[in-house]
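The values are calculated or read from the model by the stated rules, or taken from the named source; none is laboratory data. Because the structure is a prediction, the values reported are computed rather than measured. Here the Cβ positions follow ideal geometry from the backbone for every residue, glycine too, while neighbour counts run over all protein chains shown. Ligands, DNA and RNA are excluded from the accessible area calculation, which covers all protein heavy atoms including side chains. Shrake-Rupley method; radii C 1.70, N 1.55, O 1.52, S 1.80 Å.
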Amino acid sequence: MISQDPSVGFKWPIHSERVIAAPAQAVWDAISRPGNLELCHPFCARNPVQVWPGPSAQDEVHYLSGWVYVRHFRAWMDGIGYDLEIGRRGGRASLVSWRIIPIDDHECVLRIAVCPYVLQNLPIVIRWIPHVLWLRPRLQKYLDSVTRGFEWYVIKREPVPRNAFGTHPWYSSRKRTDA
């Protein structure tokens, strides 16, 4: 089980926070809906669910790029958020924490924090450069697009278009290079 702070033991977690002009319950309804990523995630092609909801929930994220990740939920806090592990089937997993923080009756913050497994086995002195120059900027852009996608869905009540906030080098459709 992931601790309340999934970043324990990890160096430099990456997060995105977005203020959403909607009640916390509306955001919870969106993030806790089975298959929600198909409606809210700008880089998700499919989100098949194996088990839902709760701390043993499991689903898959089929990205536009063709990558497939499995999400294993480890903690589920109704109305607040959840913690999960995500990675390729049989591979290493990153820890992810989703939290909803109410501001008032009409606004809340959606916060997604990722503790990526990538680079964690390298010594800190070596890890710092690729983290700052390569991993953090790409993962930050990804997380900002995801939180914006959930805001889009909650406010507009319509699915977010694919690549709505720009493309991503890891998760968007791969460009064909043949003529």
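Filter the stretch 144-171 for residues that are in contact (Cβ under 8 Å) with a residue 24 or more places away in the chain, more than 14 Å from LEU64 (Cα to Cα), open to solvent by 60 Å² or more (accessible area, probe 1.4 Å) and out of contact with any strand residue (DSSP E or B) (no Cβ under 9 Å at 6 or more places or on another chain) and give the result.
Residue satisfying the conditions is PRO159 alone.
Taking only pairs six or more apart or across chains, which ones have beta-carbon atoms under 6 Å, a first residue in the stretch 45-66 that is without any contact (Cβ under 8 Å) to a residue 12 or more places away in the chain, and a second residue that is surrounded by 15 or more Cβ atoms within 10 Å (Cβ to Cβ) and part of a loop (DSSP other than H, G, I, E, B)?
VAL51/ALA57
Scan the stretch 89-101 and give yes if some residue there is at pLDDT 95 or above, over 23 Å from GLU151 (Cα atoms) and open to solvent by 40 Å² or more (accessible area, probe 1.4 Å), otherwise no.
No - not one qualifying residue is present in the stretch 89-101.
So, in the stretch 102-119, how many residues would count as being open to solvent by 20 Å² or more (accessible area, probe 1.4 Å), of a type in the set (Val, Ile, Thr) and modelled with pLDDT under 95?
Matching residues across the stretch 102-119 total 1.
List the strands (runs of 3 or more DSSP E) that sit entirely inside the stretch 1-113 and contain at least 2 residues that are touching a His at 6+ places or on another chain (Cβ under 8 Å).
The qualifying strands (runs of 3 or more DSSP E) are 44-46, 58-63, 81-87.
Tally up the residues in the stretch 71-88 that are of a type in the set (Lys, Arg) and at pLDDT below 95, please.
Count: 1.
Would you check if GLN25 is under 21 Å from GLU151 (Cβ atoms), modelled with pLDDT of 95 or more and loosely packed, with under 14 Cβ neighbours inside 10 Å?
yes
Considering only residues that are within 15 Å of LEU84 (Cβ to Cβ) and not β-branched (Val, Ile, Thr), which ones fall in the stretch 45-68?
The answer is ASN47, GLN50, TRP52, PRO53, GLY54, PRO55, SER56, ALA57, GLN58, ASP59, GLU60.
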